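Down below is the structure, laid out as structure tokens.
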Amino acid sequence: MSRFTRLSLLCALIVSFPFGALAKKTDDKKTVSDAMRKATEFMVEKVSNNGGYLWNYSPDFSRCWGELEAKSSMIWIERGTPAMGHLFLDAYHITGDEYYLNAARKAASALIWAQLPCGGWNYMADFAGESSLKDWYGKVASGYRYCAQEHLHYSGNATFDDGTIDAATFLLRLYTEEWDPALRPAIDKAIDFMIQSQYPVGGWPQRWPLRHDFVHEGKADYSSFITINDGVHTGNINFLLDCYQILSEERVLEPIQRAMSCVLVLQGGKPQAGWAMQHQLDLNYSPGHARDFEPRGWASTATAEMVGNLMTFYTWTGDSKYLARIPDALEFLKSIEYSKDMVEFFGVKLKEGQILCPTFVEVGTGKPLYLHRADGKYFVDYDPNNLITHYRSYRTINYSALEQRYHELLEMSVEQATADSPFKGDAKVKRYPAMMSKGAGQSVGREEALELVSLLKDKPYWSGKLPGVSGENPGFSDAPLPSEVISIQSYMTNMVKLLNYFVSL
């Protein structure tokens, strides 16, 4: 082989392999980056309202929805504006493009405007003012047929349930980016709100300041009950802990301690050694009801969540009281586990280590409670047939993971278990991870990523479908619902996929 031939082959290999692959990655990075920027510019400049967001919009913007149909002057806090803010910060960290940081700042401005005088947030806010919001409640309450119940009642106060914690956590995360003093007053107000609203026993109500005026179907106003549902108790503890670690706020230590002890107080006695989604303010802090399809009962998901929390509290403190009754709770979960026949009946495919349990079991009898609706009204009984579909009567629990972690902690020394305790003097100051959005870190292939890019060829957004329950509100319009909508959920889901692919390049 001649010297010229060898050189030619060597050059061909260099060009065809490493540089060719590198060029493809570089091209993909630009393609994906441009697509994400295009979709985001549309959301920020065409969809947002003063930096805030609802959930869905008709393509011509003639109608819009949060969890319920909304006014164009409104934004949604619950799974809306804070979630978009987190996504923008994720994109900023990964791409370095300050456009995303500016979008996050705009979302923060909307949330600061929406913060109530008490320091918390409602599910939604209306830039047209309180009279416009009250008018919206009147229209929704008169026309909406089911499901949202407590959403339909104007309380004039703030909610912990998918509201305050979402907004406060996002503002705190943004604050750590640049330590902008303009953000600090809103964060301080949120801390004050959380401290002032905490019950002496250590729990929090669903809403505060207390009103006691939502009496529905003859049932007491449950918004004052101690609330575990939707991660309220867990989220409040974690936010206060963030404030301690990030802001050196020592005034939150005693409220954190009370909140941890509250989990012990709320646990039921054997054989029903679990927790409920809401606990009444009676002598025993017994299970309480919420919406008509959330009956009074012990809850499997709340029990699993609190077992996990107790193990976490042990790693923070080394106090064995947090482990003492975990076996009782695990025994309760196993006692309500469905048989294989019932798992097949519900058509659920369990992963290794999972068990299937009722969402609610009756206080005293331990019977599974099933959720139904007929003639526009909900009812609860023991019949597993013809269940409502928007709220499941059964849940999967990763029982093996809970049991394994418990036994691992038992085998550790206290020093080992508490090595990373945030309460130790040498604990590292907490920083938020680069990606906090749902689906962060999941593997996304080139074909899927480029397919998402191609969907933006003819329009600057990813289409979504309007959830059925959101459109059932004749109080706003009798016009047919759109077949597709501009969906912030579609935007966030697909942006996370493209960000995951972008990171892999």
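The values are calculated or read from the model by the stated rules, or taken from the named source; none is laboratory data. In this text the structure is predicted, and so the values were computed from the model without any measurement. Positions of Cβ are backbone-derived with ideal geometry, glycine not excepted, and every protein chain shown enters the neighbour counts.
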I'd like to know if the range 428-449 contains one or more residues that are among the hydrophobic types (A, V, I, L, M, F, W, C), over 30 Å from Val252 (Cβ atoms) and in a helix (DSSP H, G or I). yes
Extreme residue, surrounded by the fewest Cβ atoms within 10 Å (Cβ to Cβ), among residues of the range 314-337 that are within 27 Å of the chain's Cα centre (by Cα) and hydroxyl-bearing (Ser, Thr, Tyr): Thr317
I need the full set of residues from the range 135-152 which are part of a helix (DSSP H, G or I) and either modelled with pLDDT of 70 or more or surrounded by fewer than 16 Cβ atoms within 10 Å (Cβ to Cβ) (or both), in order please. Asp135, Trp136, Tyr137, Gly138, Lys139, Val140, Ala141, Ser142, Gln149, Glu150, His151, Leu152
Kindly provide the set of residues from the range 207-226 that are assigned to a strand (DSSP E or B) and of a type in the set (A, V, I, L, M), ordered by number. Ile226
Out of Gly269, Gly218, Gly297, I need the residue that is in contact (Cβ under 8 Å) with a residue 60 or more places away in the chain and either out of contact with any helix residue (DSSP H, G or I) (no Cβ under 7 Å at 6 or more places or on another chain) or of a type in the set (Ser, Thr, Tyr) (or both). Which one? Gly297
Scanning the range 268-327 residue by residue, the ones that are within 24 Å of Lys367 (Cα to Cα) and of a type in the set (Val, Ile, Thr) total 4
If you take the residues of the range 266-313 that are in a helix (DSSP H, G or I) and among the polar types (S, T, N, Q), which of them is surrounded by the fewest Cβ atoms within 10 Å (Cβ to Cβ)? Thr312
Is at least one residue of the range 105-114 among the charged types (D, E, K, R), at pLDDT 95 or above and in a helix (DSSP H, G or I)? yes
Among the residues of the range 106-113, is any of a type in the set (Gly, Ala, Ser), under 25 Å from Ser197 (Cα atoms) and surrounded by fewer than 18 Cβ atoms within 10 Å (Cβ to Cβ)? yes
Would it be correct to say that Ser132 is small (Gly, Ala, Ser), in contact with a strand residue (DSSP E or B) (Cβ under 8 Å, 6 or more places away or on another chain) and at pLDDT below 95? no
Could you check Leu481 against (1) at pLDDT below 95; (2) over 30 Å from Trp136 (Cα atoms); (3) of a type in the set (A, V, I, L, M, F, W, C) and say which number it fails? (2)
Note on the range 208-223: residues crowded, with 17+ Cβ neighbours inside 10 Å and at pLDDT 95 or above are Trp208
Whether any residue in the range 488-500 is touching a helix residue (DSSP H, G or I) at 6+ places or on another chain (Cβ under 7 Å), modelled with pLDDT of 85 or more and aromatic (Phe, Trp, Tyr) is what I want to check. yes
Looking at the range 379-400, I want the residues that are under 29 Å from Glu352 (Cβ atoms) and free of Cβ contacts under 8 Å to residues at least 60 places away in the same chain and have a partner that is surrounded by 16 or more Cβ atoms within 10 Å (Cβ to Cβ) and of a type in the set (Gly, Ala, Ser) with Cβ atoms under 7 Å, at least 6 apart or on another chain. Which pairs are those? Leu387/Ser393
Suppose we filter the range 347-363 for residues that are small (Gly, Ala, Ser) and either within 19 Å of Leu330 (Cβ to Cβ) or in contact (Cβ under 8 Å) with a residue 60 or more places away in the chain (or both); how many remain? 1
Single residue of Thr303, Thr312 found to be farther than 20 Å from Ser223 by Cβ, touching a Phe, Trp or Tyr at 6+ places or on another chain (Cβ under 7 Å) and polar (S, T, N, Q): Thr303
Those residues of the range 389-414 which are more than 23 Å from Gly274 (Cβ to Cβ), out of contact with any helix residue (DSSP H, G or I) (no Cβ under 8 Å at 6 or more places or on another chain) and not in a helix (DSSP H, G or I) amount to Thr389, Met412, Ser413
Determine which member of the set Gly235, Gly218 is more than 22 Å from Asp166 (Cβ to Cβ) and small (Gly, Ala, Ser). Gly218
Restricting to the range 246-265, give me the number of residues that are in contact (Cβ under 8 Å) with a residue 40 or more places away in the chain, over 23 Å from the mean Cα position of the chain (by Cα) and either crowded, with 23+ Cβ neighbours inside 10 Å or part of a loop (DSSP other than H, G, I, E, B) (or both). 1
Can you name the residue in the range 62-102 that is among the charged types (D, E, K, R) and either within 15 Å of Ser477 (Cβ to Cβ) or touching a residue at least 12 places away in the same chain (Cβ under 8 Å) (or both) and is also surrounded by the fewest Cβ atoms within 10 Å (Cβ to Cβ) among such residues? Asp97
